[in-house]
Amino acid sequence: MTEYIASYDKSKLGIYIHFPYCVHKCSYCDFYSLGMGKNPILPQKKLFESYKNEFLQRLKLEPNLKNFSVETFFIGGGTPSMAEEDLVFELVQFLKNELNFISNFEFTMEANPEDISKEKIEKLISIGVNRLNVGVQSFSKTFLKTLDRYYDEEKYLSLLETLSSSKMNRIGIDLIYGISEQSLEDFLDDLNLALKYRLNHISLYSLTVEKGTDYFRKVESNKAAPPNEELQTLILQKLPTLLKEKNFNHYEVSNYAKKNEYSIHNLKYWKFENYLSLGPSAHGFTLKGRYANTKSIEKYLKNEFSFEYESSLNNFTEFALSALRLFCKIDFNSFEEILGTNFYKVEELIKNWQVNKLCFYHNKIFQWNEEAIFDLDSRILEFSMLEP
């Protein structure tokens, strides 16, 4: 297959569902999620009815949603692997009856290790899930405790073997690095263990202190150590080479994948394409603009949705904050409609970057050099200033 080149396609749509429940709310997590304990009784049927009600109201506001081709369905959270499979399947069928799904749409579910078993994966495959992404974060009991993660030792020990021996074709995991007291060797132990198994996608996130989280409050009050930024820089330097040797391509700041195994759904966020989002705290981007739902499960279950849409800040800023995070090749020809008549300014800036060996650019195909990641925020700001 040919090399992937990111391009803008205004005819395609992605769908995101936010499932807010999880076993335990991690202290560093700034996503809207509700720790409910193991084996909780959840109002799942009511929640899935609210997803349908929200969709119908958004469709009434935007009947042109029917004109798109839906190529991705992504259920995240929270921990959506806690969701009842029958309800997920019913929701997908409901949406397929209303919208135009392509036949081989990407169907991603996020999961946590404690939910993974041979039987669970078989159930997910039976309802159409064809891409599974597991939030591992670390295989070390010590660092999982530091991260305030729920830890099921038996599940963690068997996880990679269970995933690799399953019939799920597309499997990815998340790892976190830069945890206090973590060394380079500690992180490489996690990474190398994962790379021994049948994975085709790895997301590698540096630990951050997000305002409003328990971790933020603990760091502010000196009850927890901040992330190891020196280690984070060192790992950033090493990752592209380490993963290239294992046939993983660096295609976004924090994401690596085998050839043609990129997350099609997440690429929509970075390519400035439309995505419909449903659920409490869900953020969407449609032709009407950007919107964000209430961060309240109580209000959401009462069918109190947000219908306030905001137009883009400006196309240059939006493009810079999304597409310039990509480290795969980008076809700037496809984005000329978004960037408008001032595209010549874009080319002047890119050619200056090229002189400084920050990127490749030829026939309007652009790609960052790996070294650009260390000053990427400055380059994004520079690009966003081009708006006339």
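Just a few scattered comments:
- Once segment 204-224 is narrowed to residues that are in a loop (DSSP other than H, G, I, E, B) and farther than 22 Å from Asp174 by Cα, the residue that is nearest to the chain's Cα centre (by Cα) is Gly212.
- Each residue in segment 312-346 was checked for being touching a residue at least 12 places away in the same chain (Cβ under 8 Å), in a helix (DSSP H, G or I) and of a type in the set (A, V, I, L, M, F, W, C), and 11 pass.
- For segment 33-49, a tally of residues being small (Gly, Ala, Ser) and not in a loop (DSSP other than H, G, I, E, B) returns 1.
- Segment 295-305, residues that are more than 20 Å from the chain's Cα centre (by Cα) and surrounded by fewer than 18 Cβ atoms within 10 Å (Cβ to Cβ): Ser296, Glu298, Lys299, Leu301, Lys302, Asn303, Glu304
- Count of segment 237-254 residues which are over 16 Å from Ile173 (Cα atoms) and either in contact with a helix residue (DSSP H, G or I) (Cβ under 6 Å, 6 or more places away or on another chain) or charged (D, E, K, R) (or both): 4
- Positions within segment 9-46 being touching a Gly at 6+ places or on another chain (Cβ under 8 Å) and among the aliphatic types (A, V, I, L, M), in sequence order: Ile17, Val23, Leu34
- Tally of residues being among the aromatic types (Phe, Trp, Tyr) and in contact with a Phe, Trp or Tyr (Cβ under 6 Å, 6 or more places away or on another chain) across segment 273-312: 4
- Considering segment 274-311, and only residues there that are of a type in the set (Asp, Glu) and part of a loop (DSSP other than H, G, I, E, B), the residue that is farthest from Leu13 (Cα to Cα) turns out to be Glu304.
- Among the conditions (1) in contact (Cβ under 8 Å) with a residue 40 or more places away in the chain; (2) touching a helix residue (DSSP H, G or I) at 6+ places or on another chain (Cβ under 7 Å), the only one that Tyr197 does not satisfy is (1).
- Looking only at segment 241-252, residues that are surrounded by fewer than 18 Cβ atoms within 10 Å (Cβ to Cβ) and of a type outside the set (S, T, N, Q) come to 4 in all.
- Some residue of segment 97-110 being part of a helix (DSSP H, G or I), surrounded by fewer than 21 Cβ atoms within 10 Å (Cβ to Cβ) and modelled with pLDDT of 95 or more: yes
The values are calculated or read from the model by the stated rules, or taken from the named source; none is laboratory data. Just so you know, these numbers come straight off a predicted model, no measurement behind them. No Cβ is skipped: glycine too gets one built from the backbone with ideal geometry, and neighbour counts run over all protein chains shown.
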